[in-house]
Ligand SMILES: [Zn+2]
């Protein structure tokens, strides 16, 4: 199994300056490579590929020994590959008939990660094993940086990344061969509905992880972004506003991960089989359909949960939750089934009657066929469970 471990770094002030410079040089490399691709295409209609840009690196490093030449060749390649990935994703979306945004230049504060694709190549985890009490990671051009290692690392370290969040630095280790810790069978199965007020609601009627704190952060973030928009480029106040937005983004990310971990853990402890909605375009549109009852109006600023920022935060929350759930389920030996969410929220879980009038409000489901009344998310979760079990039966019969 692959798994990642994130630890806080405790760089000296000199190391922190070097880390900032390392990040900045990688950002400039990224932007230069993007500029190169755009110019070649605009002027000559030529598509520049990763291989060519990677071959250029040797010269870039030789020409700038005190700058780009300081850092790891491999981490620079990883940065070029990151741009390549952005390009591929862009063209994939174009092919799928969507209109994505073109890969963008990364401004200061919008490039926060450097990856070393292989432990031992320009970086070394546990670089001072002789040290009796502290853990270190060695990064080329930065030195042995102290790590606040609050838990044991399992498996074999494959890639090492450094990430900046506000004023803090983290190291992320991606490890292979992490042993699974299978949980004892419970004999229970559950369907899970992902929602707005609660991250997840089970077919047994349990609500997992209230999203109110996330909504509060979302409205603070929206306010900070509005403030930022009014500041003049290059001004001191703008710098502060950018930092505030970045810090709030980081906070939302932490809350979201924390929330997802808690909910996922509760599910894998409780159930052998967990059925959830497949998170795809159909699922998103279902959630985004306008409802006259002002659904989602619980957000502190009165903004609809379906609009702009709040929606993107919710979407990201659901996808983070599913990623974490799938890792935990795999580790625990639980079965995870994804089903098409179409109609799960408007179908009666008792009689099967399907109609949009069934959904009275965000929270209340009342069947116009049989009169069955239930919490809307619980009703949906039961439908999701049923669809999953049907899929599973069909797969076993085949
Ligand atoms: Zn009914």
Could you run through the stretch 38-61 and say how many residues are assigned to a helix (DSSP H, G or I) and touching a helix residue (DSSP H, G or I) at 6+ places or on another chain (Cβ under 7 Å)?
-> 6
Candidates 121, 126 - the one that is surrounded by fewer than 17 Cβ atoms within 10 Å (Cβ to Cβ) and at pLDDT 95 or above = 121
Based on what the data block shows, is residue 146 buried (at least 17 other Cβ atoms within 10 Å of the Cβ) and in contact (Cβ under 8 Å) with a residue 60 or more places away in the chain?
-> yes
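Could you list, in sequence order, the residues of the stretch 231-243 that are surrounded by fewer than 18 Cβ atoms within 10 Å (Cβ to Cβ) and in a helix (DSSP H, G or I)?
Of everything in the stretch 231-243, those that are surrounded by fewer than 18 Cβ atoms within 10 Å (Cβ to Cβ) and in a helix (DSSP H, G or I) turn out to be 236, 237, 238, 239, 240, 242, 243.
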Which one is modelled with the highest pLDDT among residues in the stretch 348-398 that are within 10 Å of the ligand (Cβ to nearest atom) and assigned to a helix (DSSP H, G or I)?
-> 379
Evaluate the following for residue 345: is it surrounded by 20 or more Cβ atoms within 10 Å (Cβ to Cβ), near the ligand (Cβ under 10 Å from one of its atoms) and not in a helix (DSSP H, G or I)?
-> no
Reported set for the stretch 184-195 where residues are closer than 14 Å to residue 263 by Cβ and assigned to a loop (DSSP other than H, G, I, E, B) is 195
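The values are calculated or read from the model by the stated rules, or taken from the named source; none is laboratory data. This is a predicted model, so every value here is computed, not measured. So basically every Cβ, Gly included, is an ideal-geometry build from the backbone, and we count neighbours across all protein chains shown.
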